[in-house]
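Dumping the structure here so I can ask a few things about it.
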Amino acid sequence: MAIPVALLQFRLDASNGIGRNELLKLWSAACRSEDAAVSRVESGGGYRRMHTYSLLASAKNVNIDDAENRMHDSLATALPKIAFVLRRC
């Protein structure tokens with residue numbers, strides 16, 4: 001596997017998280033690679049607690065435009081009532 005780098009990120013408040021396994025499944029499908037990874041970092045506290053999710057893969061093997069569109073659609077389906085913004089890293 002090539003060295004994975006963060007390609008996309010998004011944030012959700014802590015009460016609207018998504019499970020690691022589900023996110024990895026969606027991201028692997030979106031970037032069309034099993035050599036994908038996800039991470040989550042928590043920030044803030046109390047009612048302002050947030051999670052920042054990073055979607056990692058080899059930049060050489062991923063068409064970022066297509067992967068971003070597929071991931072956006074997948075997240076919109078998986079989290080239909082949650083507002084989110086995918087951001088390129």
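Output the number of residues of the range 77-89 satisfying the condition of being open to solvent by 80 Å² or more (accessible area, probe 1.4 Å) and within 14 Å of the chain's Cα centre (by Cα).
Count: 6.
Considering only residues that are out of contact with any Ser or Thr (no Cβ under 7 Å at 6 or more places or on another chain) and open to solvent by less than 50 Å² (accessible area, probe 1.4 Å), look in the range 40-52 and name the one that is modelled with the lowest pLDDT.
45
Using beta carbons and a limit of 6 Å, which pairs, at least six apart or on different chains, have the first residue in the range 1-30 and open to solvent by 60 Å² or more (accessible area, probe 1.4 Å) and the second one in a strand (DSSP E or B)?
If the second residue must be in a strand (DSSP E or B), the pairs left are 11/50; 11/52.
Now, a different point. Could you tell me whether any residue of the range 59-67 is farther than 21 Å from residue 2 by Cβ, outside any strand (DSSP E or B) and either in contact with a Ser or Thr (Cβ under 8 Å, 6 or more places away or on another chain) or acidic (Asp, Glu) (or both)?
Checking the range 59-67: not a single residue is farther than 21 Å from residue 2 by Cβ, outside any strand (DSSP E or B) and either in contact with a Ser or Thr (Cβ under 8 Å, 6 or more places away or on another chain) or acidic (Asp, Glu) (or both).
Something else: Being out of contact with any strand residue (DSSP E or B) (no Cβ under 9 Å at 6 or more places or on another chain) and surrounded by 13 or more Cβ atoms within 10 Å (Cβ to Cβ) is the requirement here; does residue 74 meet it?
yes
The values are calculated or read from the model by the stated rules, or taken from the named source; none is laboratory data. This one's a predicted model, so the numbers in the text were calculated from it and none came from an experiment. All Cβ positions, glycine included, derive from the backbone under ideal geometry; neighbour counts span all protein chains shown. Accessible surface areas use protein heavy atoms only, side chains included; no ligands, DNA or RNA. Shrake-Rupley method; radii C 1.70, N 1.55, O 1.52, S 1.80 Å.
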